[in-house]
Amino acid sequence: MKLNQIADNSGARKNRMRIGRGIGSGMGKTGGRGGKGQTARAGARIKGFEGGQMPLHRRLPKRGFRNTAFAVKLNEINLGRVQAAIDAKLIDTGSAIDAAAMVKAGLMRRAKGGVKLLGDGEFNTKADFAVYRASKSAIASIEKAGGSVRILAPAEEEGTELKGKSERAAPEVAKGGQKGKAKGGKVKQATEGGERPAE
């Protein structure tokens with residue numbers, strides 16, 4: 001076989017469509033750009049314009065919150081890579097293994113927000129870790145080898161904090177104040193004998 005005999009799979013390379021070469025080509029005259037106007041010119045960028053009326057993406061209500069800008073960016077490291085670095089004498093197990101030690105060993109370029117340990121790979125060295133997070137399998141493997149894991153992430157608070165109307169309405173709901181009201185806003189009062197009072 002020679003270099004000029006090497007070919008790709010059938011159909012992998014397609015000929016470029018030649019536009020503006022007559023009506024018989026299927027791409028003649030306007031060349032697939034339609035009629036005249038802005039869309040027929042080069043560099044046309046009409047994405048959300050609706051002729052001047054309020055566009056849909058501005059009419060719809062904006063709800064929710066994205067935590068993208070405030071999310072903690074972590075490095076995910078498997079225990080197998082840490083074990084390989086320990087075997088290569090790149091990590092000293094005499095002290096706690098943290099993000100700085102992993103950066104120095106070349107397991108990652110930057111510490112970012114911290115390290116999350118994952119349990120993939122074999123780990124059989126007694127070592128202490130100080131990481132932002134760790135999976136259950138990683139913690140089990142480390143403790144099985146005789147080591148320990150210290151989690152640096154702040155503990156999550158149980159329950160959610162109520163604010164605004166929810167905070168003001170919470171005591172009333174706890175007392176059951178919303179249950180005894182009738183449709184007209186008056187509270188029904190039970191009398192002896194089960195008779196309703198005259199209105």
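If you take all other residues with their beta carbon under 13 Å from the beta carbon of residue 28, and give Lys and Arg +1 and Asp and Glu -1, the sum is +4.
Under a 5 Å amide H cut-off, with hydrogens placed 1.01 Å from N, residue 78 pairs with 118 among residues at least 5 apart or on other chains.
Rounded, prolate or oblate: which fits segment 1-138, taking a ≥ b ≥ c as square roots of the Cα gyration tensor eigenvalues, rounded meaning a/c under 1.5, else prolate when a/b beats b/c? Because a/c hits 1.5 or more and a/b fails to exceed b/c, segment 1-138 counts as oblate.
The stretch between residue 73 and residue 150, if pulled fully straight at 0.36 nm per residue, gains 25.8 nm over its current Cα-Cα span.
What FRET efficiency, computed as 1/(1 + (r/R0)^6) with R0 = 25 Å and r the Cβ-Cβ distance, is obtained for residue 5 and residue 25, rounded to the nearest 0.05?
That gives a FRET efficiency of 0.20.
What the phi angles of segment 63-76 give under the Karplus curve with 6.51, -1.76 and 1.60, with θ = phi - 60°, is a coupling list of 10, x, 8, 10, 8, 4, 5, 10, 5, 7, 8, 10, 8, 9 Hz, glycine and proline written as x. Annotation: amide H of residue 129 within the under-5 Å range of 97, 148, 149, 150, sequence separation 5 or more or interchain, hydrogens built in the peptide plane.
Between segment 45-106 and segment 131-145, how many Å separate their Cα centres? Centre-to-centre distance over Cα atoms comes out at 21 Å. For residue 134, the residues 5 or more places off, or on other chains, whose built amide H falls under 5 Å of its own are 117.
Placing unit charges on each Cβ (+1 for Lys and Arg, -1 for Asp and Glu) gives segment 1-62 a dipole about its Cα centre, and among 44, 15, 3 the Cα reaching farthest toward its positive end belongs to 44.
Could you tally the net charge around residue 140, taking each other residue with its Cβ under 15 Å from the Cβ of residue 140, Lys/Arg +1 and Asp/Glu -1?
Local net charge: +1.
Dipole of segment 1-90 computed with +1 at Lys/Arg Cβ and -1 at Asp/Glu Cβ about the Cα centre; of 25, 57, 90, farthest Cα towards the positive end is 25.
No value in this document is a laboratory result; all are computed from the given coordinates. Small disclaimer: the values here were computed from a predicted structure and weren't measured. All Cβ positions, even for glycine, are placed from backbone atoms using ideal geometry, and neighbour counts span all protein chains on display.
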